[in-house]
Structure formats: C-alpha cells, structure tokens
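Everything below concerns the one structure shown next.
The values are calculated or read from the model by the stated rules, or taken from the named source; none is laboratory data. No experiment lies behind these values; they were computed from the predicted model shown. Using ideal geometry, Cβ is built from the backbone for each residue, glycine included, and neighbour counts are taken over all protein chains shown. These accessible areas exclude ligands, DNA and RNA; they are computed on the full protein's heavy atoms, side chains included. Shrake-Rupley method; radii C 1.70, N 1.55, O 1.52, S 1.80 Å.
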Amino acid sequence: MKDIFVEGPISAGFIGESIQKHSSKKDIGAHSIFLGQVRADVLMEKTVAAIDYTTYKEMALEKMDEIRTAIFEKHELTCLHVYHSLGIVHAGEICLFVFASSKHRKTAMVACEEVVEKLKADLPVWGKEIFDDDSYIWKTNS
C-alpha cells in the first residue's frame, strides 16, 4: 500500500513535479486534477485559521487501497495519485491532491470526481478546525 499522507500542506512545487513526471508517458490523453484548499470559514462568529488533520494511518491506507481498486475496476485509468495532508494546514493552503490520468478526458474527469467523493465519505481522516482565537471544533465533511 502506498502512503498517501503528507505532513502539513501540499506544496505547489510537489503538485507541479507530480504533473511533470507524467509528460514522458505517451499513452495518456487526459489528466483531471482536484485540489482541496482550507477555507477561512466563519463559524459561530469565529474565523477558521487552520485545520489539524489526523487519522488512523493503517486503517486509512487500507480504505484507500479499497477505493483505488474499485476505481480501477470501474474506470479505464492509466494512473491515479492521491495525497492528503496530516497535521496543521492553514487557510489558503492545499490539503488534498487527486490526480487521475486516462486515455480520454471524460474517463479522467469522472474518475477524479468519484475518488474525491469517496474520500470525503469513507476515508477515516478527521479535521479539527482551529479558529483564530485558538479554540476549535471537529469538522464535518460536506
């Protein structure tokens, strides 16, 4: 099982390098990319400054393997990469990077969206929304 977790925010450089690595692959016709970014939501009259992500890594990696297997069985993908942050990610920073590649654009787009929805619904990752006054609440996925 590939470790999908990155400590802290996912950098633009990391995303760019991931995309660049695929330029030598000649059987790919389309990439679909999703980037999840931490929002500075206002909840209970407080502004979210960051999210502290946590998980049970072994359980999460097993679930990710199930999701990945199901996606490859359903869609004709060339490759699929998922990276999710752990630890503190500040508002404005990237916390999720999903990168689906296929011969055809529609396949890549549909698979990418499906992976994102499955991750939000089934991946055991929890976020503690930390407000600008250092108080917090546990995030609910939407």
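Overview of results
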item: Listed residues 59, 109, 44, most fluctuating in the chain (Gaussian network, C-alpha, under 10 Å); result: 44
item: Cα centre as origin, Lys/Arg/Asp/Glu Cβ charges: segment 23-62 dipole, Debye; result: 240 debye
item: Karplus 3J(HN,Hα) series, Hz, for segment 112-119 with 6.51 cos²θ - 1.76 cosθ + 1.60 (x for Gly, Pro); result: 4, 4, 5, 4, 4, 5, 5, 4
item: Phi to ³J(HN,Hα) by Karplus 6.51 cos²θ - 1.76 cosθ + 1.60 over segment 56-62, Hz, x for Gly, Pro; result: 9, 4, 4, 5, 5, 5, 5
item: Sites excluded, trypsin sites (Lys or Arg not before Pro) in DSSP loops with at most 14 other C-beta within 10 Å, longest stretch of the chain; result: 40-102
item: Magnitude of the charge dipole, segment 3-114, Cβ model with Lys/Arg +1 and Asp/Glu -1, debye to 20; result: 520 debye
item: Dipole of segment 1-64, positive direction: furthest Cα of 6, 44, 19, with charges on the beta-carbon; result: 19
item: For the chain: rounded, prolate or oblate by the Cα gyration tensor [a/c cutoff 1.5]; result: prolate
item: Accessible surface of the chain, 1.4 Å probe, proportion on carbon and sulfur as whole %; result: 51 percent
item: Amide proton proximity set for residue 93, modelled H, under 5 Å, gap of 5+; result: 38
item: Exceeding the 18 Å Cα-Cα cut-off - candidates 2/106; 46/128; 26/103; 74/106; 46/139; 26/74; result: 2/106; 26/74
item: Candidates 90, 104, 31: whichever shows maximal mean-square fluctuation once the chain is modelled as a Gaussian network with Cα springs under 10 Å; result: 104
item: Computed over the chain: relative contact order in percent, which uses C-alpha pairs under 8 Å that are six or more apart; result: 36 percent
item: Heavy-atom accessible area order for 42, 6, largest first, 1.4 Å probe; result: 42, 6
